[in-house]
Amino acid sequence: MSHTIDIEKIRADFPILSRKVNGHPLVYLDNAATSQTPKVVIDAIVEYYESYNANIHRGVHSLSQEATDAYEEARETLRAHFNAAKKEEIIFTSGTTHGINLVASGFASVLTAKDEVIVSALEHHSNIVPWQMLCEKTGATLKVIPMTESGELDLEAYEELLSENTKLVFVNHVSNALGTVNNIEKIITKAHQKGAAVLIDGAQAAPHIKADVQALDVDFYVVSGHKMCGPTGVGVLYGKEDWLNKLPPYQGGGEMIDQVTFEKTTYAGLPHKFEAGTPNICGGIAFGKAIDYLNEIGFDHIAAYEHELLTYATEQLLALGDLKIYGTSSEKTAVISFNFEGIHPYDIGTIIDKLGIAVRTGHHCAQPIMDFYKIPGTVRASFSFYNTKEEIDAFVQAVKRAKIMLS
Ligand code: C6P
């Protein structure tokens, strides 16, 4: 295997990887749902609660200052990671879903009934439902970029959907159900040529691909911390300063105001305008540590190693025969969605769990993709840089056993 990753050293960073499940060593292949947490991130969480737990931006006391400094340092880490021009463009959220809803809610004051917005057939429900709600509210029309049999977007059809009325395009960078890496550079360029803004759902890309928001010239980019070795309940919305200034606040409350009287309230500047209430302080700090951890390994190394895992696992699974893989784009992250003819994915998932192997089964919150393939769901194995070839062997053997039992 690749020499770009010191796998033994990396695995030692993740305490959970040495546990057993149902009497077998854990083989965790559900990384697209949530990633595991390295010790440095766990330590940062413990340190926060043991030594400087306090509310931020509010107290003159030392603990509050320390917590505020650490939280703002994490914001700077995220700014640098995504190469945002300004720290003010980094809004802490509770995750991708929150980030998308924040933008969708803001666009209610931008769109009118004659406007059009464009989504893709490859989206997670989080990048569909908030926009449907927005369209119901504003009367705007939702158009859908179709997908192809290989699980890629039909970008010629996309160009035909774009019009002078298109105000916003929202597409994922990577499909959670299939692993397809979308050509977001082209999607963004074509949208901008029509004067439309673009939101990219980076939830599944960010753990594998380092996005440069300025190079992409993207208007909004959203991610979740828990898919990037950080804790749950924290994420980031990057937004171009002009757009964030233009959109109204998402929620009202403490921390997002400038002055409050019963006659009128004025709002704080960025990023606080979008951060009402006490945030997930510890989560934000730990997310920053997770980003540092990933960068220390290096995204080039992560991508190269995960690609080797993907190639190996694909070959081994296909060798079992009678198996269909959904999502066969040449540009894929390390995700394999598959089914055996006549066997329900849930049954495979349940049996291999008894052997210590964690995968996700079902529609993966992407029902339109399942409808396209006319299936109820798939078995989805999603790999990370801390997985090994030996784990893939155990997984393939377990799948083989399950298939024999269920045939
Ligand atoms: N996908 C999966 O197993 P949250 O829950 O807000 O952190 O992320 C939502 C989300 C949005 N977009 C994409 C592309 C996603 O993959 C997800 C989360 C997980 O595929 C859990 S459903």
Quiz prompt | Net lengthening on full extension, residue 404/residue 389 (0.36 nm per residue, minus Cα-Cα) | solution = 3.1 nm
Self-check item: Nearby lysines by direct alpha-carbon distance to residue 374 (threshold 16 angstrom, same-chain neighbours under 8 apart not counted)
Solution: 324
Quiz prompt | segment 247-311: chymotrypsin sites (Phe, Trp or Tyr not before Pro) in DSSP loop, at most 14 other beta carbons within 10 Å | solution = 262
Exercise. At 1.4 Å probe size, with every protein chain present, just tell me what the per residue accessible area of segment 139-183 comes to in Å².
Key: 36
Quiz item: Long-range amide H contacts for residue 174: which residues qualify at under 5 Å (H placed 1.01 Å from N, peptide plane, sequence gap of 5 or more or a different chain)?
Solution: 182, 204, 205
Quiz item: Normalised by the residues of segment 99-156, what does the relative contact order come to in percent, with Cα pairs under 8 Å and at least six apart?
Solution: 39
Quiz item: With Cβ to Cβ distances under 12 Å as the rule, what net charge do the other residues near residue 182 carry (K, R +1; D, E -1)?
Solution: -4
Quiz item: Considering the alpha-carbon set of the chain alone, what are its Rg and its Dmax in angstrom?
Solution: 21.9, 71
Exercise. Name the aspartates and glutamates eligible as straight-distance cross-link partners of residue 354: C-alpha to C-alpha under 17 Å, and not fewer than 8 places from it in the same chain.
Key: 30, 391, 393
Exercise. For residue 273, go through the aspartates and glutamates and keep the ones whose alpha-carbon is under 20 Å away, minus same-chain ones fewer than eight residues off.
Key: 69, 72, 73, 76, 88, 89, 219, 241, 242, 255, 258, 263
Quiz item: If you place +1 on the Cβ of every Lys and Arg, -1 on the Cβ of every Asp and Glu, and leave all else neutral, what size is the dipole of segment 42-296 about its Cα centre, to the nearest 20 Debye?
Solution: 500
Practice problem: Could you work out how far the C-alpha centroid of segment 331-362 sits from that of segment 85-128, in angstrom? | Solution: 31
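The values are calculated or read from the model by the stated rules, or taken from the named source; none is laboratory data. What you see is a predicted model; the values in this text were computed from it and never measured. Every residue, glycine among them, receives a Cβ derived from its backbone with ideal geometry; neighbour counts consider all protein chains shown. Remember, those area values only see protein heavy atoms, side chains included, never the ligands or the DNA or RNA. Shrake-Rupley method; radii C 1.70, N 1.55, O 1.52, S 1.80 Å.
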